[in-house]
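The structure appears right after this line, and notes come after that.
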4 protein chains.
Amino acid sequence: MNVVELQRFGLEGLVRGERPAPMPGPGEAVLRMRAASLNYRDLLIVRGDYDPSLRLPHVPVSDGCGEVVAVGEGVTRVSTGDRVVASYILDWTHGPPTPEATARRLGGPQDGVLAEFVKVPAHALVRVPDALSDEEAATLPIAGVTAFRGLFEVARIRPSDVVVVEGTGGVSIFALQLAAGVGARVIVIGSSPSKLERARALGAWATIDRTAEPAWEERVRALSDGRGADVLLEVVGGDNVARAARALRMNGKMLLVGVLGGSVAQIDMLPLFRQYLSMHVLSVGSRDDLSALATALPALGARPVIDRVFPAFDARAAFAHLESGAHFGKVVLRF
Amino acid sequence: MNVVELQRFGLEGLVRGERPAPMPGPGEAVLRMRAASLNYRDLLIVRGDYDPSLRLPHVPVSDGCGEVVAVGEGVTRVSTGDRVVASYILDWTHGPPTPEATARRLGGPQDGVLAEFVKVPAHALVRVPDALSDEEAATLPIAGVTAFRGLFEVARIRPSDVVVVEGTGGVSIFALQLAAGVGARVIVIGSSPSKLERARALGAWATIDRTAEPAWEERVRALSDGRGADVLLEVVGGDNVARAARALRMNGKMLLVGVLGGSVAQIDMLPLFRQYLSMHVLSVGSRDDLSALATALPALGARPVIDRVFPAFDARAAFAHLESGAHFGKVVLRF
Amino acid sequence: MNVVELQRFGLEGLVRGERPAPMPGPGEAVLRMRAASLNYRDLLIVRGDYDPSLRLPHVPVSDGCGEVVAVGEGVTRVSTGDRVVASYILDWTHGPPTPEATARRLGGPQDGVLAEFVKVPAHALVRVPDALSDEEAATLPIAGVTAFRGLFEVARIRPSDVVVVEGTGGVSIFALQLAAGVGARVIVIGSSPSKLERARALGAWATIDRTAEPAWEERVRALSDGRGADVLLEVVGGDNVARAARALRMNGKMLLVGVLGGSVAQIDMLPLFRQYLSMHVLSVGSRDDLSALATALPALGARPVIDRVFPAFDARAAFAHLESGAHFGKVVLRF
Amino acid sequence: MNVVELQRFGLEGLVRGERPAPMPGPGEAVLRMRAASLNYRDLLIVRGDYDPSLRLPHVPVSDGCGEVVAVGEGVTRVSTGDRVVASYILDWTHGPPTPEATARRLGGPQDGVLAEFVKVPAHALVRVPDALSDEEAATLPIAGVTAFRGLFEVARIRPSDVVVVEGTGGVSIFALQLAAGVGARVIVIGSSPSKLERARALGAWATIDRTAEPAWEERVRALSDGRGADVLLEVVGGDNVARAARALRMNGKMLLVGVLGGSVAQIDMLPLFRQYLSMHVLSVGSRDDLSALATALPALGARPVIDRVFPAFDARAAFAHLESGAHFGKVVLRF
C-alpha cells in the first residue's frame, strides 16, 4: 500500500513510500483512511524538533478518519463499514491519564495515519456521527479533544464564565467554539485584525488586539467587572504566563496548552499568591473524551473550522502551509 | 403601601392589605416590585401544607424583580434605579450551603414579594441583564436556580451527556433549556402529548410518554446505547425513584428536586448497588448561582417560558391557575 | 488440585472437590492460595440468595492471599514468589467504575479462591507489604476496599470530620479504623455493649447503643454541636435510612453499603430537602484502591481485625460461624 | 494598653507603644492576648519588603491566641472567658476565597496581635481545644492552616500517597506532621542533616539531603517505584520549580507555598506536558479550615513544634531569631 514516509528530518524528507497492508490481530481493526489533519506537533516531529531520536522512516500524522475494512478476533466495538476516528493516545480509553495508558501514540512513536490502511486497537475507535464530514472528523483527535477536556473535565466551565483564549491556533479555535457554545463569555486575544474578526463570527464575546493593547490583561479585567477571567487558555509560554496570571480572577484556572513563544516560562510568583491561582497542563485526552466531543459538536451547532484541504500524498505542501502560519483553522489532507 | 396578605390558610385567605412602606437599614435596599412568579412551594405555603406554624398574616411569594428605590448605609453593590432580582435564600451568597446562610428565606419565614415595596439585604441582589424582561427575571430565583445549580454545580454535566428530565414543571423546563443549551441530549418524560411536543420545540432530544410507555426507563437505556442516562432530574418521588435509578448508567447521578407523587420514596436498593449511583438533594442555590443564571440564559439563546401573566393584586386567580396544573411554564404576576 | 465446591445451595452444599490445576495464559498469573476471608456476600451466594441462577458446582469466596507460582506471557507486574492479594473486581484497575471493567468478579460469577491454585489476570494483583500477614491481607479486597474508597474517594473525609459508622460488620470495622486513623471523630452505633466496647478500643470517639437510645440520631447531633455528622456509613437500609439522614449535617454525605435490615428503604424525603444531602452507593473499588489500602493500613498503625481462623477445607464451619453473627472482625480461612 | 509598634521599617523600628484599649462594636469581640507566633511574612512586613506603602506606626504579627474579655451586640459564637485563636484572613469564614472575604488581614493591612487587647470580628474566632496550649494554638493561623488546606482541600491527599515536603519551615513542618498523621509517605528534602533527623522523628518516611544529592528528584522517583510523588509542597521557587515538577507522577499536584529562593520561577514547560501536572498557589485558608485544624491536631496525636518562646514585648529578639534561620519550628511570643 502507499504511505507518506519521513525518511529524514525536514519537510523535504517527506516522500511517498510503499508498505505491506496491515492485517488485524486480536482486538484490532484496520481502517481505510479517508482524511487526516495536521497539528503543530506533527510539524515539530517532521522537523526533528520533537523527538530527535525518532526511528526513521516514520509514517507521520496522528489525526485521521477512516472506514473499518477488517476487524480482528474479539472485536465488538466497531464493525466493517463503520466510519470512525482514532484516538491519538491509543490505550487511554477513559478516566485519568496513567503512564501505561499514555505510552502508545499515533504519529509518534507509533506510525501515523498517512497511509492507505492503518491498524489500531479497536478500543481506540469512535464512530463518527453523520453530521460530521470525514474532513471534519479528522480534525478532532488532538486539537478538539485538548480543548474539550480542558474546558469540561479540567476547568469544568459553566455557562456565563469568562474564558480567555489566546490566539487562533487549532486548540484555541475549538476552545472558542466549545466555550461559546455552552454560554461562556469568550475573549480572544490575537494580533491579526482579520483573524479576530473571524473569531467574533465564531462566537467570541470580545476580542483584544495585543499589538494595539499590549497590556491586554487590563482590558480583560475591565470586561469582567474588575474581577478577571474564570479560565484562561495559555498557549504562548515565556513571559506571557505572568501576564495571563494577572488576567485571571481569584481562584481562577490557567490551562497550559503550549509554549509557542518559548518553552521557558518566567513567572513572577509573588503577585500570584493573593490570586490563589491553579495552573493545569493539558495534553489531549481519552477515547471517551473524543467520543463526547464528536457527539457534542453537532449538538452545539458548531462545525470544525477547516482552512484548506490538500491531497493526502501532497503532505509536503500541507506541512509548508501549516508552517507559514497563514492558516485559520485546520489544515486537512484528503485520501 | 399595598400588599397581598395571607390572613388564613387557603387561597381564599389571600386578600389585599396595607403596611407601612419599608426603610432600608445599613446594608439593605428597598425595591419597588415590578413582577413576581409563583412556585409550587408558594402554593403549599398558602394552603398551610408547607409550614402550619407560619405566623399570619404573611406576605407570600419568594420570586420577584424590582427596581432599587433606596439603599441603606454602606451599600455599594447596587444603586438607585438598578433593575434587580432578589435571591430567595437571602444570605447564601456563594459557596456551599450552611445553616447560618440558609435560614432567612423570602416568602417564608420572611415576608415575600407581593408588596409594592420590599426590603432585602443588598448582598442578595443581582442586576438583571437588558436581554431579560421583568417578568422573565422574576421566574429565576427558585426554579431557574435549582435547575442551574443542579446541572452545573452538582451534576457538572458536559456537552453530549444524556440528561433525563421528568415532567414539565418549572424546574424541569429550565433544566431542559439549560441542558439542551449546552449540548446535552435531553430526554423528557411526561404524560401529556401536547406538553411533550412543546418540550421538543424547546430542545428536547427525545420525549417519552409515560402513559403509553410505563416502563420508560427501558427506552432511556435503548436511546443511550444500553448504557443509561448520565444524569436524571427526579421530581416525582415515591415508587418512581426506583424506576429512575434503573434509567441511569453506572456511576450516574440522580438529582432529587421534588416529591409531587408522594414524599415517601420506596427504594429497592439491591439492584442499585451494581450501578454505583449517587443521589443528590437539590434545594435552590446561592446568589452567585442566580447571577450566573441571569447571564447564562441570554448567552444560550434561551428565554424563560411564561405561561400566563396575572395582575399582582389578583394573586388568588394566579394561584388557582397554578393549582389547576394546566400551565406549561411559569405563572407570573405583574405590578 | 483440591477445591471447596458449592454443589447445591445451602451450607451443606459445600464439599471438597477436585479440579485440574490451572495454567496461566498471556497476562495471567497462578497463585498458590495461603488464606481467604469471608464476606456476607459469600454467605448470600452459598445460600442461593444472591444469584439463584449461578451455575453449580461453583468455587466460592472472593477474597484471598496467595503466592505467585507461575506467570503467563507478557506479565511484568508480578513475579514468581511474590506474595499477593487479588482484587475482587478483576478488571477494574483504576479510575471510576465502568460496565466493562466490573463484569468479572472473583467468587461469582467467576470461580473464587477456595482452591489450592487460582488463576487471575496479573493486572488484578497487588503485592502485600511485609507488615501484613497472609490472613490480614486476605481480609482486604471487599470489606477493606469498600471502606477505603468510600471514605477517601467518595466522601473525601478530612481530619476532624465527624463520621458515623453503623454496626460492627466487616466494612464498618475497617471504616472505623481508617477514619479514626486519619483523625476523624468516629461515632459507632450498635446494639451490643461488648462490641461497642471493642469499637472504642479500636479508636471510636463515641459509641451509641441503639437499644438504649433508639433515637440515636439526636445524640449524634448533640455530639457534633448540633450540626450533625459530616459522613455516615449506612448499612441497615429500610426505615433506618430516614433516621440516618437526620443524623447528617447540611450538605452531608450518606454512604450506602448495605441493606441488612431490608432492601426496601422507605425514605420520607420532605425533611431531607433542607439538608442538601447526597447519598452514594458504594460497591467495593479498584485494584489501585486495594493497593493504596495495603500500603495505608500499616502506615496508620491499623491491623485488620480477625475474629477467628478456620482450616480452608473446613469452610462449612467458617460459614456457619459467619451466619451466627457472633463474630467481631473477619472470619478467615487458612490453607 | 501596651502594644508593640513598628514605627519605621527594620527590626530596630519595633518599639513599645501605648494605645487606648479597644471596645467591641456589634459582632465584635475583644481578646486579652496570651501568645503570638511569627511567620516569615511578619518579618517581610517589618523589614518593609512586603508592602512598602504600609501605614506606620503599625502593630505587627497576625497569629495569636487570647481570651475573650468582651463581646459586642449580637455575638453568640463566643463568650467571655473562651480561649480562642483568630483567623488571619478575618472575613473568610468558609468555602472558596473571594476578593471581598480576603481583604482584611490581621497584622497587615489591619493592626495585628502584638497588643494586650485586640478587637476582631467574632466570626473570625475559633475556640481552642483543651489539648492545645496557648503557645501551640498561636502557631496555627498561617502556617498550620496553609498546610491543612493545601493537603486536605486542594490536594485531597489520601493514606498511602507519596508527599514531598521541601525544607523545614513553618508550613513544611505542619505539612509533614499532618500528611504523616493520615498515613501518607512523606519525603522531606533539606540541607541540614540535623534538621532532617528531626523531620524523621516527626514521622518522615524518608529524607533527602539536597546538598549531598542535588538531583533529589531522581531519588524521589526511585522511592516511589519510578512513578514520582503524588503531591509536592514547593517553597523554594526559582529554578527549583522545574526540578519539583520532575519529582511528580503523571497527573500529580504541586502546591506552591513560597518563593524563598527567588520570586521569579523559570519553568521549562516542555517536559511537563507529558506529566499532566497541575500547580496550585496556596494562601492560608478560611476560619473553618482553622477550626478543623485545631480539632485535627490532637486527634492525630500531633503537637505544633515550637522552637523557642520569647516575652511578647521582646519582639525584636524574636524577629532576629527568626531572621537567623536557625530555628526548627515556630518562634513564639508569650504575653
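The values are calculated or read from the model by the stated rules, or taken from the named source; none is laboratory data. These figures come from a predicted structure and were not determined experimentally. With ideal geometry, Cβ positions are generated from the backbone for all residues, glycine too; neighbour counts draw on all protein chains shown. Side chains are part of the model used for accessible areas, which takes the heavy atoms of the whole protein and leaves out ligands, DNA and RNA. Shrake-Rupley method; radii C 1.70, N 1.55, O 1.52, S 1.80 Å.
Hey, any hits in the stretch D:229-240 for a residue that's among the β-branched types (V, I, T) and within 14 Å of chain C (Cβ to nearest Cβ)? Yes: the stretch D:229-240 contains one or more residues that are among the β-branched types (V, I, T) and within 14 Å of chain C (Cβ to nearest Cβ).
Rundown of residues vs (1) more than 20 Å from the chain's Cα centre (by Cα); (2) farther than 21 Å from B:I142 by Cβ, yes/no style:
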| residue | (1), (2) |
| --- | --- |
| B:N2 | yes, yes |
| B:R8 | yes, yes |
| B:L11 | yes, no |
| B:R19 | yes, yes |
| B:P24 | yes, yes |
| B:L31 | yes, no |
| B:Y40 | no, no |
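Mind listing just one residue for me: the one in the stretch B:27-65 that is of a type in the set (G, A, S) and over 12 Å from B:G112 (Cβ atoms) and, of those, surrounded by the most Cβ atoms within 10 Å (Cβ to Cβ)? Per the criteria, the residue is B:A29.
Residues in the stretch C:311-335 that are of a type in the set (A, V, I, L, M, F, W, C) and over 21 Å from C:R198 (Cβ atoms): C:A312, C:F313, C:A315, C:A317, C:F319, C:A320, C:L333, C:F335.
Each residue in the stretch B:193-218 was checked for being in a helix (DSSP H, G or I) and either closer than 29 Å to A:F148 by Cα or small (G, A, S) (or both), and 4 pass. Applying the condition of being modelled with pLDDT of 95 or more and closer than 16 Å to D:L176 by Cβ to the stretch D:217-237 and asking which residue is surrounded by the most Cβ atoms within 10 Å (Cβ to Cβ) yields D:L233.
Scanning the stretch C:9-50 for residues that are assigned to a loop (DSSP other than H, G, I, E, B), at pLDDT below 95 and of a type in the set (F, W, Y) yields a count of 1. The set of residues from the stretch C:140-164 being more than 10 Å from every other protein chain (Cβ to nearest Cβ) and either within 12 Å of the chain's Cα centre (by Cα) or part of a helix (DSSP H, G or I) (or both) comprises C:L140, C:P141, C:I142, C:A143, C:G144, C:V145, C:T146, C:A147, C:G150. Assess whether D:R249 counts as being more than 17 Å from D:V188 (Cα to Cα) and of a type in the set (D, E, K, R). Here the answer is no, as D:R249 does not meet what is asked.
With respect to the conditions (1) farther than 19 Å from A:V257 by Cα; (2) touching a strand residue (DSSP E or B) at 6+ places or on another chain (Cβ under 8 Å), A:V163 lacks only one, and its number is (1).
Checking each residue in the stretch A:51-99 for being in contact with a Gly (Cβ under 9 Å, 6 or more places away or on another chain), in a loop (DSSP other than H, G, I, E, B), under 23 Å from A:R32 (Cβ atoms) and more than 14 Å from chain C (Cβ to nearest Cβ) picks out A:P57, A:V59, A:P60, A:V61, A:S62, A:G72, A:S87, A:Y88. Scanning the stretch D:165-192 for residues that are part of a strand (DSSP E or B), under 22 Å from D:D289 (Cβ atoms) and either open to solvent by 20 Å² or more (accessible area, probe 1.4 Å) or out of contact with any Ser or Thr (no Cβ under 8 Å at 6 or more places or on another chain) (or both) yields one hit, D:V186.
Among the criteria (1) out of contact with any helix residue (DSSP H, G or I) (no Cβ under 8 Å at 6 or more places or on another chain); (2) closer than 30 Å to A:I142 by Cα; (3) acidic (D, E), the one D:D225 does not fulfil is (2). Take A:A137 and tell me if it is small (G, A, S), in a loop (DSSP other than H, G, I, E, B) and closer than 14 Å to A:L293 by Cβ. Spelling it out, it is not the case that A:A137 is small (G, A, S), in a loop (DSSP other than H, G, I, E, B) and closer than 14 Å to A:L293 by Cβ. Residues that are under 24 Å from C:A115 (Cβ atoms) and among the aliphatic types (A, V, I, L, M) were ranked within the stretch C:294-312; the one that is nearest to the other protein chains (Cβ to nearest Cβ) is C:A294. Counted as qualifying within the stretch C:238-335 are the strands (runs of 3 or more DSSP E) with 2 or more residues that are on the phi < 0 side of the Ramachandran plot, surrounded by 24 or more Cβ atoms within 10 Å (Cβ to Cβ) and modelled with pLDDT of 90 or more, namely C:248-256, C:330-334.
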